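See structure below.
The values are calculated or read from the model by the stated rules, or taken from the named source; none is laboratory data. Remember, it's a predicted structure, so these values are computed and weren't measured experimentally. Reconstructed Cβ throughout: ideal geometry from the backbone, glycine too, with neighbour counts over all protein chains shown. Please note that ligands, DNA and RNA were not included when accessible areas were found on the heavy atoms of the full protein model with its side chains. Shrake-Rupley method; radii C 1.70, N 1.55, O 1.52, S 1.80 Å.
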Amino acid sequence: MKKFISTRMASYIILAINTMALLMHVLILLNILPYDFVWGGRLKRQEDVILFEMVSILIQMIFISIVAVKAGYILKGQFKRTSNIGIWGIFGVMILNSIGNLASHSFLETVVMTPITILLALLVFRLAIEK
């Protein structure tokens, strides 16, 4: 896998996708985008949307921070062990998220988000195996 994509390119792609996802969640929270295609299409009340989208935004910010530390974009040389553990955790979450997307009630989430989360899982795995 190391021959196919560099750590730098994998981290750029992960950060770009997660930044777009962060923006999407903010737009959903602001009622600019509809919420029926996130969280498996199971959200029914606006109160639930606010809570779940805030959780999504927090998770996205944590993921972006961990990847940025692992890639050396911020806090270079610090928190190496913590970022390694975090990257493996993100990999596990991406695997579970891919499975969850396949079980979604939302066709859009299944068709669009499943390939994206699988791609993210592979890219995060690439970062995880880097020393």
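Annotation: amide H-H contacts under 5 Å for I5 (H modelled 1.01 Å from N, sequence separation of 5 or more, or interchain): none. Can you list the lysines whose alpha carbon is less than 27 Å from that of K3, not counting same-chain residues fewer than 8 positions off? Answer for K3, where 27 Å is the Cα cut-off: K70, K76, K80, K131, listed by chain and number. With a 1.4 Å probe rolled over the protein heavy atoms of all chains, the accessible area of R81, R8 falls in the order R81, R8, largest first. Candidates [x] 44, 26, 20; [y] 53, 46, 25; [z] 47, 25, 19; which is the computed Cα extents along the principal axes in Å? Label of the calculated value: [x].
Under the convention that each Lys and Arg Cβ holds +1 and each Asp and Glu Cβ holds -1, the size of the dipole of the stretch 46-131 around its Cα centre is about 720 debye. A probe of 1.4 angstrom, applied to the heavy atoms of all protein chains, finds M9 with accessible area near 90 square angstrom. 3J(HN,Hα) couplings calculated from phi for the stretch 53-61 with the Karplus curve 6.51 cos²θ - 1.76 cosθ + 1.60 (θ = phi - 60°) are, in sequence order, 6, 5, 4, 4, 5, 4, 4, 4, 5 Hz; Gly and Pro show x. Ranking of E47, E130, E53 by solvent-accessible surface, largest first: E47, E130, E53 (1.4 Å probe, protein heavy atoms only, all chains present). When the solvent-accessible area of the chain is split by element, carbon and sulfur atoms take up 73 percent of it, the probe being 1.4 Å. Each residue of the stretch 7-19 was assigned a 3J(HN,Hα) from its phi angle through the Karplus curve 6.51 cos²θ - 1.76 cosθ + 1.60 (θ = phi - 60°); the sequence is 4, 4, 5, 4, 5, 4, 5, 4, 5, 5, 5, 5, 5 Hz, with glycine and proline shown as x.
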